[in-house]
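Novice: I'd like to ask some things about the structure below.
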Amino acid sequence: MEEIVLGIGITALAGAFATVAGAAEDTESDIGSQGDPNSQVQLAPQMGYIHRIFNKAISGEPPAYGAWCAIGAGVAWALMQINYNPALAIILGSVIAVFVQGIYCTSGYLGRIASLAKFQQPVYIDIIKSLLSVTMAHAFVAIFCTVAMCYLMASALHHPFALPLLGLVWGIALGAAGSATGNPFYGKERQYQNQKYGAGVPISASGNIVRYAEAGQRSSLDNGWFTTKFAGPASGICFGLIVFLELWRTVLFEKMMGGWGAIIMGVVLILVFTFIDRWVEVWGRKTYGPYTTEEASS
Amino acid sequence: MSALGGKAAGGEGINPTGSVVGIVILLVSIAATYALGFSIVPLIGIIIGGALIGFGVHFVPVGGAPAAMGQAPGIATGVAMLAAGAGLAGLFGGAWAYEATGDFAVAVAGGAVGGGLMMAITCLMVNATYVFAMGIPAASGKIAKDPITGDTFPEYKSQGTEGHGLPFISFFGGVVGGFIAGLGGTLIYIELLDVYHTGLPAIMQANPEAIEPLAVSLAGIFAIGFFLVNAVLAAYNITGTIEGPHDPKFKRVPRAIIGCAVASAFCGLISMLIVLNTGM
Amino acid sequence: MTAKMEASAGAISENTLMIYGIVVALVGTYLTYLNVVTGMAVFSFFGGIGAIAAIWWGSDTIKHLCSYGLGTGVPSAGMVAFGAGAIAMIAGTKFGIASPIVTLILAAIIGAVIGYIANNVINMNIPVMIFSLMKLSIVGALTMLGFAAMCTGTFMFNGLVIGGMTLSMEPAGEAAAGGAQTFMVTVLPEFAGSLIGGSALAVIFFLGAMALQHPFNACLGPNESQDRTLMLAIEVGFLSMFVVAVISYAFLDMMAATVGLIISLIGWIYTYKQYIALSKRDAYAWLDAKPIIEVGGHE
């Protein structure tokens, strides 16, 4: 019984770490403009729209965060092998991972923009100078929380995988969850703020991203503020739920029915989420209604 | 990231010579495993696991860069890595269940449910973003009516786009895809773990409890390698974006299953070389 | 709409890169054998140099493959290279002193099979697919082997899986009169603290996969130039070598690990400065805190 209580406590803590990590990950990837929305930032100069947005061309978020969290977890594991204190080891591992991430950010920006010289897009060095520390800070939060969560799973919940492998697995899952939830919000609502709300961006508008902000020229730094309005917390909830429910159903129900208890709980949870999704979908259709023909559009 | 020029020049349909050669490679791998003195049951399990990963990836709705702008339905991430994320989350649960119960069926089902659960939560949050934050209801661009719920789409599709969000059939596809991919990945992991459990103590002259972390890590790293190879092959088959099981591109599944099965067979043979007694 | 991309021709030919890449990677990995010859672990960093040569060659191969329009993008080519390369590398380390060569052959075979499947079963029909995937698998396997050799000081299976020795004591017989008890002490290898046993190889796996696809992905565009891409490849290689050097503190003694760390830092600083200089050369303009330059009437 005591073991289950400890397990639930660790599960809750891991879920909390995961929520923070998810929020920080999505904010970081929007400040740096990584992943699928970045293709619009790449396209804009080719359509004649010069911009001052950080074009962080690393790769998608899942492999990138898989790499950073694996580095963080690997260095932490190596330091713990030479008897460093676990907390210090995780912090140092996250620092090294963030250093690598920062270098990848700068080389991605310089590389892509220099290769767009034909379209007269200049390299703005002050973008790197002002944004790099912000991106690295958010990435540090995401990586540290993920590695700490993996350490809890390895040592307190006794998962058979070693720490670096757990870091890789959950890093990829973090990137996938944050990318899926946060990319449409950044891509449509922020980059194409000038398009009509409540509709997708028509293909004819590709490349015409917002480059002039509320006052002055848009900088990617503002994307952080914007992301934390919705997409950041939503990504946090997404990843937090994934981690928490995965651990919760195993810790509580693994011993029941020879292991089948956890499986049945998992299926029940999938059905619950399916119902919620159906409700959201129907609510959207009813509340927004179909497109009507143009009568008197005001 | 689809910032590449040139359309993919692949042909449609199954290439008969290629498929036959592939199946020959698969049978040769099985024969070689038998000749080297291993049981072929784990290799069959690995082949089935690889084929399942390839099959499952086709269910996951991926819209790529256009989905990030509300121009296409699906999730706005790369298909290989999204499937890898779901499958690995499933592998995490399945490995844990195997460690705790030692029961093959429980572990494989646990991996499947883990993958399905991750996709269910992710797809729900994607729909929540589209509906609550962006004000866009889901609509498919490839079909007029949802086969499961009967919702109609043309009047909800924004002008100039190919659809947006995750209609229920895509959500269903996502969950099923995560389920099958998690199933396949965990199957590969457990088969490899069993091979290493029996093989490693023999060649390293160590007792099974001590060798346990090494067997788990080897099986885990190999499972991730298999996952990436199979998911990328399936992604090549899809050529980047797919709306889900209702998409016409879904008909390309058979050649992905053959391809992933052959790749897994050959790679499985190589991964068994580790416990081969070469005398070195 | 996708961005248009043309692959630049480049001053160094594909075959030159391949020959240099394979030779330096193999020589670098074999030079770590000096550790065994001399009894010191200081020569481990040669493995890292070999891995960098493989990444340098591989980034050009990815460029030629991806210019054919795969539909999925550059990172997946790096993932498949390392997925196949990891399988080949671990299997290849079982062959003693011949491990690097066997790894290369195994990786080539796996790459050819996967390339054949992609081209003829999945029907992609890309002319260079089989040969490119062969080369990419070799790059993946040699990179992992080089970094593993740098991390642990050896490229052979036993060195990668045995993390240390523990003593196990068992009573050897009946306690003699007077209470004296004899014990049998056996020295047992323990596996959880090793490179593969502790899954640190997974870090090298993904570190290499990101490093391989990053140079071409980051320099993608109409004005991509080969020398800048290759310089970024070497820079990212030294960065990965730096991470591996930090991890090697768990496996090598202090001096050997510090030698690797210092060499990787010096190499990284130099190549990073060169990369920035090359970017400055290629960029349209290098502005600091200047407004947007409007080029057309697209307001």
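Novice: If the requirement is being within 11 Å of chain B (Cβ to nearest Cβ), on the phi > 0 side of the Ramachandran plot and crowded, with 24+ Cβ neighbours inside 10 Å, which of these qualifies: C:GLY69, C:GLY73, C:GLY78?
Specialist: C:GLY73
Novice: Is it true that A:TYR291 is within 9 Å of chain B (Cβ to nearest Cβ), part of a loop (DSSP other than H, G, I, E, B) and within 21 Å of A:PRO37 (Cα to Cα)?
Specialist: Numbers: within 9 Å of chain B (Cβ to nearest Cβ): yes; part of a loop (DSSP other than H, G, I, E, B): yes; within 21 Å of A:PRO37 (Cα to Cα): no.
The answer is no for A:TYR291.
Novice: If I ask for residues that are aliphatic (A, V, I, L, M), closer than 17 Å to A:ALA78 by Cβ and within 7 Å of chain A (Cβ to nearest Cβ), which ones from region C:200-215 would you list?
Specialist: Within region C:200-215, C:ALA200, C:ALA202, C:VAL203, C:LEU207 qualify.
Novice: OK, next. Go through (1) more than 30 Å from A:GLU61 (Cα to Cα); (2) assigned to a helix (DSSP H, G or I) and name the single condition C:MET40 misses.
Specialist: Of the numbered conditions (1) more than 30 Å from A:GLU61 (Cα to Cα); (2) assigned to a helix (DSSP H, G or I), the odd one out for C:MET40 is (2).
Novice: Sticking with this structure for a sec: Pairs under 7 Å by beta carbon, first residue more than 9 Å from chain B (Cβ to nearest Cβ) and free of Cβ contacts under 8 Å to residues at least 24 places away in the same chain in region A:238-258, partner of a type in the set (Gly, Ala, Ser) and buried (at least 23 other Cβ atoms within 10 Å of the Cβ), six or more apart or different chains?
Specialist: Qualifying pairs under 7 Å: A:PHE253/A:ALA262.
Novice: Next question. What's the total number of residues in region B:139-156 that are assigned to a helix (DSSP H, G or I) and among the charged types (D, E, K, R)?
Specialist: Start the filter on region B:139-156 by keeping residues that are assigned to a helix (DSSP H, G or I), which leaves B:154-156.
Narrowing further to those that are among the charged types (D, E, K, R): B:155.
The qualifying residues number 1.
Novice: Next up: Could you tell me which numbered condition B:ALA65 fails, if it satisfies all but one of (1) surrounded by 24 or more Cβ atoms within 10 Å (Cβ to Cβ); (2) modelled with pLDDT of 90 or more?
Specialist: Answer for B:ALA65: the failing condition is (2).
Novice: Given the residues A:SER235, A:SER220, A:SER206, which is the only one that is among the hydroxyl-bearing types (Ser, Thr, Tyr), in contact (Cβ under 8 Å) with a residue 24 or more places away in the chain, within 11 Å of chain B (Cβ to nearest Cβ) and touching a Ser or Thr at 6+ places or on another chain (Cβ under 9 Å)?
Specialist: So the residue among A:SER235, A:SER220, A:SER206 that is among the hydroxyl-bearing types (Ser, Thr, Tyr), in contact (Cβ under 8 Å) with a residue 24 or more places away in the chain, within 11 Å of chain B (Cβ to nearest Cβ) and touching a Ser or Thr at 6+ places or on another chain (Cβ under 9 Å) is A:SER235.
Novice: Go through region C:43-72 and report how many residues are touching a residue at least 60 places away in the same chain (Cβ under 8 Å) and in a loop (DSSP other than H, G, I, E, B).
Specialist: Residues that pass the stated criteria total 2.
Novice: Next up: Name, by its number, the condition in (1) more than 20 Å from C:VAL244 (Cβ to Cβ); (2) more than 7 Å from every other protein chain (Cβ to nearest Cβ) that does not hold for A:GLN42.
Specialist: Of (1) more than 20 Å from C:VAL244 (Cβ to Cβ); (2) more than 7 Å from every other protein chain (Cβ to nearest Cβ), only one is false for A:GLN42: (2).
Novice: Okay, next question. Taking the criterion of being of a type in the set (A, V, I, L, M, F, W, C), within 8 Å of another protein chain (Cβ to nearest Cβ) and in a helix (DSSP H, G or I), would at least one residue in region B:191-199 satisfy it?
Specialist: Scanning region B:191-199 turns up no residue that is of a type in the set (A, V, I, L, M, F, W, C), within 8 Å of another protein chain (Cβ to nearest Cβ) and in a helix (DSSP H, G or I).
Novice: Spot the failing condition for C:GLY197; the list is (1) in a helix (DSSP H, G or I); (2) closer than 24 Å to B:PRO213 by Cβ; (3) within 12 Å of chain A (Cβ to nearest Cβ), and only one is missed.
Specialist: Among (1) in a helix (DSSP H, G or I); (2) closer than 24 Å to B:PRO213 by Cβ; (3) within 12 Å of chain A (Cβ to nearest Cβ), C:GLY197 violates only (1).
Novice: Which residues, taken from region A:60-95, are farther than 27 Å from A:PRO37 by Cα and of a type in the set (Ser, Thr, Tyr)?
Specialist: A:TYR84
Novice: Need the failing condition index for A:LYS286 against (1) surrounded by fewer than 16 Cβ atoms within 10 Å (Cβ to Cβ); (2) at pLDDT below 90; (3) of a type in the set (D, E, K, R), just the number.
Specialist: (2)
Novice: Test each condition in (1) more than 10 Å from chain A (Cβ to nearest Cβ); (2) over 16 Å from the mean Cα position of the chain (by Cα); (3) outside any loop (DSSP other than H, G, I, E, B) for C:ILE276 and report the one that comes out false.
Specialist: Of everything listed in (1) more than 10 Å from chain A (Cβ to nearest Cβ); (2) over 16 Å from the mean Cα position of the chain (by Cα); (3) outside any loop (DSSP other than H, G, I, E, B), C:ILE276 misses just condition (1).
Novice: Now for a separate question. What number of residues within region A:149-174 satisfy the criterion of being at the interface with another protein chain (Cβ under 7 Å from one of its Cβ atoms) and either free of Cβ contacts under 8 Å to residues at least 12 places away in the same chain or in a helix (DSSP H, G or I) (or both)?
Specialist: Taking region A:149-174 first, the residues at the interface with another protein chain (Cβ under 7 Å from one of its Cβ atoms) are A:159-162, A:164-165, A:168-169, A:172-173.
With the extra rule that they be either free of Cβ contacts under 8 Å to residues at least 12 places away in the same chain or in a helix (DSSP H, G or I) (or both), the set shrinks to A:159-161, A:164-165, A:168-169, A:172-173.
Final tally of qualifying residues: 9.
Novice: In the list B:ILE224, B:ILE188, B:ILE169, B:ILE257, which residue meets the criterion of being in contact with a helix residue (DSSP H, G or I) (Cβ under 6 Å, 6 or more places away or on another chain), among the hydrophobic types (A, V, I, L, M, F, W, C) and surrounded by 24 or more Cβ atoms within 10 Å (Cβ to Cβ)?
Specialist: It is B:ILE188.
Novice: Hey, another quick one. Could you run through region A:113-147 and say how many residues are at the interface with another protein chain (Cβ under 10 Å from one of its Cβ atoms), crowded, with 24+ Cβ neighbours inside 10 Å and part of a helix (DSSP H, G or I)?
Specialist: Of the residues in that region, 2 qualify.
Novice: I want to confirm something. Restricting to region A:175-197 and keeping residues that are at the interface with chain B (Cβ under 7 Å from one of its Cβ atoms) and outside any helix (DSSP H, G or I), which single residue is surrounded by the most Cβ atoms within 10 Å (Cβ to Cβ)?
Specialist: Taking the candidates together, the pick is A:TYR192.
Novice: Please enumerate the residues belonging to region C:169-190 that are within 14 Å of chain B (Cβ to nearest Cβ) and not acidic (Asp, Glu).
Specialist: C:THR186, C:VAL187, C:LEU188, C:PRO189, listed by residue number.
Novice: With the condition kept exactly as written, say whether any residue in region A:250-258 is among the small types (Gly, Ala, Ser) and more than 17 Å from A:ALA16 (Cα to Cα).
Specialist: Looking through region A:250-258, at least one residue is among the small types (Gly, Ala, Ser) and more than 17 Å from A:ALA16 (Cα to Cα).
Novice: Taking the condition crowded, with 21+ Cβ neighbours inside 10 Å, assigned to a helix (DSSP H, G or I) and at pLDDT 95 or above, does A:GLY240 pass?
Specialist: Considered against the rule, which asks whether it is crowded, with 21+ Cβ neighbours inside 10 Å, assigned to a helix (DSSP H, G or I) and at pLDDT 95 or above, A:GLY240 comes out as yes.
Novice: Pairs, please: C-beta under 8 Å, at least 6 apart or cross-chain, first residue farther than 18 Å from C:LEU201 by Cα and in region C:248-276, second of a type in the set (Asp, Glu)?
Specialist: From residues that are farther than 18 Å from C:LEU201 by Cα, the pairs are C:TRP268/C:GLU235; C:THR271/C:GLU235; C:TYR272/C:GLU235; C:GLN274/C:GLU235; C:TYR275/C:GLU235.
Residue by residue, here is whether (1) surrounded by fewer than 24 Cβ atoms within 10 Å (Cβ to Cβ); (2) in a helix (DSSP H, G or I); (3) aliphatic (A, V, I, L, M) holds:
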| site | (1), (2), (3) |
| --- | --- |
| A:ILE4 | yes, yes, yes |
| A:GLY15 | yes, yes, no |
| A:ASP36 | no, no, no |
| A:LYS56 | no, no, no |
| A:PRO63 | no, yes, no |
| A:GLY72 | no, yes, no |
| A:GLY111 | no, yes, no |
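Novice: Mind telling me which of the residues C:ALA88, C:ALA98 ends up being without any contact (Cβ under 8 Å) to a residue 60 or more places away in the chain, farther than 25 Å from C:MET129 by Cβ and not basic (Lys, Arg)?
Specialist: None of the others qualify; the one that does is C:ALA98.
Novice: Also: Out of curiosity, is B:ALA89 among the aliphatic types (A, V, I, L, M), within 22 Å of A:ARG278 (Cβ to Cβ) and either within 7 Å of chain A (Cβ to nearest Cβ) or surrounded by 24 or more Cβ atoms within 10 Å (Cβ to Cβ) (or both)?
Specialist: Considered against the rule, which asks whether it is among the aliphatic types (A, V, I, L, M), within 22 Å of A:ARG278 (Cβ to Cβ) and either within 7 Å of chain A (Cβ to nearest Cβ) or surrounded by 24 or more Cβ atoms within 10 Å (Cβ to Cβ) (or both), B:ALA89 comes out as no.
The values are calculated or read from the model by the stated rules, or taken from the named source; none is laboratory data. Worth saying up front: this structure is predicted, and the values here are computed from it rather than measured. Counting neighbours? That spans all protein chains shown, and the Cβs are built from the backbone with ideal geometry, glycine included.
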